[in-house]
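The values are calculated or read from the model by the stated rules, or taken from the named source; none is laboratory data. Quick caveat: nothing in here was measured; it's all calculated off a predicted structure. Every residue, glycine as well, gets a Cβ built from its backbone with ideal geometry; the counts of neighbours run over all protein chains shown. To get the accessible areas, we keep the full protein, side chains included, count just its heavy atoms, and leave off ligands, DNA and RNA. Shrake-Rupley method; radii C 1.70, N 1.55, O 1.52, S 1.80 Å.
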Amino acid sequence: MGDAAERTTEIISGLSAIIDRYDGLLVDLWGCVHNGIEPFPEAVDALLQARRMGKSVCLLSNGPRRGDVLIERLDGMGVPREAYQYVMSSGEATWLALAERSDPFHAALGDKCYRLGPVRDASVHTGNGLTMVDSVNAADFIICTGILENEDTVEQYDSLLQSARQRDLPMVCANPDLVVHIGERLTLCAGTIAARYQELGGAVVYHGKPYPSVYHHCFRLTGIASRSRLLAIGDGLRTDIKGANSMDLASLFLSAGIHMDRLGNSPPSPQAVADLARSIDAHPTFTMPRLRW
């Protein structure tokens, strides 16, 4: 795709300006379709418009829950099922990897698992052969799905992580995101905890954007063979856009999401996006503040 330093982004006013170039969309959820509390009406309308044109829509979330759980959550928010066809999540990819054990890392994990995360993430380890334990001292490995309370800091987990590191426990991270907006509040995600564990020398494998396995699941779901006909949409440069770059997909960056503090609510300048993108080494094809038609 050329030298990253030479890439520029095109500022667009709506998805309708580019939709004819693509047969399918891989759409981030949190910060794109909803804010964790309620959907964004313009984003839902854009997806409905795309579906009416016959475009495939696969929701691709770094949520640490299985796909059916995410669908129930979307139903509860009022996101119509007509707005999408498929759902793939980092939680689903994690569940599949732990059930199938098809690679050396997962095959060697053992069955006794400690979940570092809230009870609502239990679908990630339910029904795939794992035995859950209450202490890292009894565990073969850790599944990290997130922090326990929205106000928690990474420092609050240092003692637990130090204990796990002393036992050389591997960690499976079911959400590579570092932070997320819940309403207007910025909250830590599992990726921040996993990064801290790596700083301590712990071994971590990640499922979700920007890592390849979750994209291959999406390719199978959509059945779209040509990557040039797929557009990835999201608000995270480090996850949504970097992942799209690594998979040779065009991307639409929503600049008023988690990077709003740097880029603001209005259409940013291409230079402002380029400067921030270069610092992360993630380069969007197109940019707009929020998803709209």
| request: With Rg/Rh (Cα atoms, Kirkwood Rh) in mind, check (1) 0.95; (2) 0.99; (3) 0.97 and report the label derived from this structure. | output: (3)
| query | At a 1.4 Å probe radius, carbon and sulfur cover how many percent of the accessible area of the chain? | reply | 49
| Surrounding net charge for ASP121, when Lys and Arg each add one and Asp and Glu each subtract one, Cβ distance under 11 Å | +4
| remark: For the THR126, VAL154 Cβ pair and Förster radius 30 Å, calculated FRET efficiency rounded to 0.05 is 0.65
| task | Compute, for CYS218, the solvent-accessible surface of its heavy atoms (probe 1.4 Å) with the complete set of protein chains present, and express it in square angstrom to the nearest 10. | result | 0
| task | Note the angle between two axes, namely the Cα long axis of helix 67-77 and the longest principal axis of the Cα atoms of the chain, as a number of degrees from 0 to 90, rounded to the nearest 10. | result | 60
| remark: Rounded to the nearest 10 Å², the 1.4 Å probe accessible area of ASP103 is 50
| field | Acute angle (nearest 10 degrees) that the helix 212-222 long axis makes with the longest principal axis of the chain, alpha-carbon atoms | value | 50
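With a 1.4 Å probe and all protein chains in place, put LYS55, LYS112 in order of accessible area, largest first.
Ranked list, largest accessible area first: LYS112, LYS55.
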| Nearest 10 degrees, 0 to 90: helix 90-100 Cα axis against the chain principal axis | 50
| request: Could you give me the percent of Cα pairs per 10 Å distance bin for segment 33-158, shortest bin first, beginning at zero and ending with the bin that holds the maximum distance? | output: 12, 36, 29, 18, 5, 0
| Excluding ligands and nucleic acids, what accessible area in Å² is computed for ARG21 using a 1.4 Å probe, to the nearest 10? | 110
| note | Per the rule of 0.36 nm per residue minus the C-alpha distance, extending ASP68 to ARG229 adds in nm 55.3 nm
| Largest-first ordering by accessible area, 1.4 Å probe, given options TRP30, TRP95 | TRP30, TRP95
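Would you work out the charge dipole size for segment 219-271 about its Cα centre, treating the Cβ of every Lys and Arg as +1 and the Cβ of every Asp and Glu as -1, and quote it to the nearest 20 debye?
Numbers: 6 positive and 4 negative charges, 41 e Å.
Computed charge dipole of segment 219-271: roughly 200 debye.
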| query | Using a basic spin-label model with each label point 7 Å from the Cα along Cα→Cβ, how many nm lie between SER213 and MET77? | reply | 2.5
| task | Calculate, for the chain, the solvent-accessible area per residue in square angstrom, rolling a 1.4 angstrom probe over the heavy atoms of the protein chains. | result | 42
| Which order do LEU188, LEU15 take when ranked by solvent-accessible area (1.4 Å probe, heavy atoms of all protein chains), largest first? | LEU188, LEU15
| remark: With a ≥ b ≥ c from the Cα gyration tensor eigenvalues, square-rooted, and the rule rounded for a/c under 1.5, otherwise prolate when a/b > b/c and oblate otherwise, segment 187-293 is oblate
| note | FRET efficiency (ASP45, ILE11; Cβ distance; R0 22 Å; to 0.05) is 0.60
